[in-house]
Amino acid sequence: MHNLYAFTGVDSGDWRVLSVDPIRGEPLGAVRAVDVAPAQGIAPARPGSWTLYGQMSNLRYAARTELAALRARQEPLGRPLALRAAMIPIKKSAAWWNLAQDERRAIFEELSHHTAIGLEYLPAVARQLYHSRDLGEPFDFITWFEYAPDDAEAFERLLARLRATSEWSFVEREVDVRLERRT
Ligand code: HEM
């Protein structure tokens, strides 16, 4: 499968788990580390652990001017200074998915200012969105963010702002996994 990635709870790996907080809905089991790797297909999870799958995909909502602003400011994953990461799988409600594309875009940006808010935290935070819904996964998205320890507080403020938006009223499951890069 093209651009498929597996996020697996492991005992030891490049990203050591600092915390696993269920923000809304069913939690994820505690694990010691998370391994992120390209995958060929979806395999059954190992007993006692979990694996979440997501696919890098095209953009759905970003308008041309937003795309230009993102490209001007965003940085790649894997920067040596980015010793912290957040992996936040999210599932949205049936009510969200029953909306039309233009209605979702209006909630996402015109009402909730997701991109406008997010842009304020670039380039400190590097990000990658993975889509899971069409894979029949328990979450619709896996979001991944990397930042320096000095930017951890700014990242908390960003999350608080996004979680207060109308967009987030459609989030029915969210687990916040924080990680530290093994040095
Ligand atoms: C770091 C700054 C951020 C920026 C610049 C940003 C920007 C964006 C953009 C442009 C999209 C739309 C992609 C498209 O057109 O399909 C998006 C989608 C998304 N973002 Fe963010 N974002 C940021 C932070 C966050 C955070 C902290 C979360 C929370 C976990 C988050 C969760 C999501 C989700 C779940 C989607 C998919 C929404 C959907 O398709 O319904 N983002 N983000």
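The values are calculated or read from the model by the stated rules, or taken from the named source; none is laboratory data. For clarity, every value in this text was computed on a predicted model and none was experimentally measured. Note that each Cβ is placed from the backbone with ideal geometry, even for glycine, and that neighbours are counted across all protein chains shown. Just the protein is used for accessible areas: all its heavy atoms, side chains included, with ligands, DNA and RNA removed. Shrake-Rupley method; radii C 1.70, N 1.55, O 1.52, S 1.80 Å.
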Among the numbered conditions (1) over 22 Å from ARG173 (Cα atoms); (2) away from the ligand (no atom under 13 Å from the Cβ); (3) touching a Ser or Thr at 6+ places or on another chain (Cβ under 8 Å); (4) not aromatic (Phe, Trp, Tyr), tell me where LEU70 comes up short. (2)
Inside region 142-155, the number of residues satisfying the requirement of being open to solvent by 30 Å² or more (accessible area, probe 1.4 Å) and either within 9 Å of the ligand (Cβ to nearest atom) or without any contact (Cβ under 8 Å) to a residue 24 or more places away in the chain (or both) is 3
Of all residues in region 14-37, which are more than 29 Å from ASN58 (Cα to Cα) and in a loop (DSSP other than H, G, I, E, B)? GLY29, ALA30, VAL31, ARG32
Restricting region 1-34 to residues that are under 15 Å from the mean Cα position of the chain (by Cα) and charged (D, E, K, R), which is nearest to ARG181 (Cα to Cα)? ASP21
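Kindly indicate whether GLY41 is over 25 Å from LEU158 (Cβ atoms) and surrounded by fewer than 18 Cβ atoms within 10 Å (Cβ to Cβ). Before the answer, list the steps.
On the way: over 25 Å from LEU158 (Cβ atoms): yes; surrounded by fewer than 18 Cβ atoms within 10 Å (Cβ to Cβ): yes.
So GLY41 passes the test.
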Being more than 8 Å from the ligand (Cβ to nearest atom), open to solvent by less than 30 Å² (accessible area, probe 1.4 Å), without any contact (Cβ under 8 Å) to a residue 60 or more places away in the chain and of a type in the set (D, E, K, R) is the requirement here; does GLU109 meet it? yes
Can you name the residue in region 37-67 that is in contact (Cβ under 8 Å) with a residue 60 or more places away in the chain and within 16 Å of the ligand (Cβ to nearest atom) and, of all such residues, is nearest to ALA106 (Cα to Cα)? SER57
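Each row is one residue, and each column tells you yes or no for (1) more than 8 Å from the ligand (Cβ to nearest atom); (2) within 12 Å of the chain's Cα centre (by Cα).
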site	(1), (2)
ALA85	yes, yes
GLU103	yes, no
HIS114	no, no
LEU119	no, no
LEU162	no, no
GLU180	yes, no
THR183	yes, no
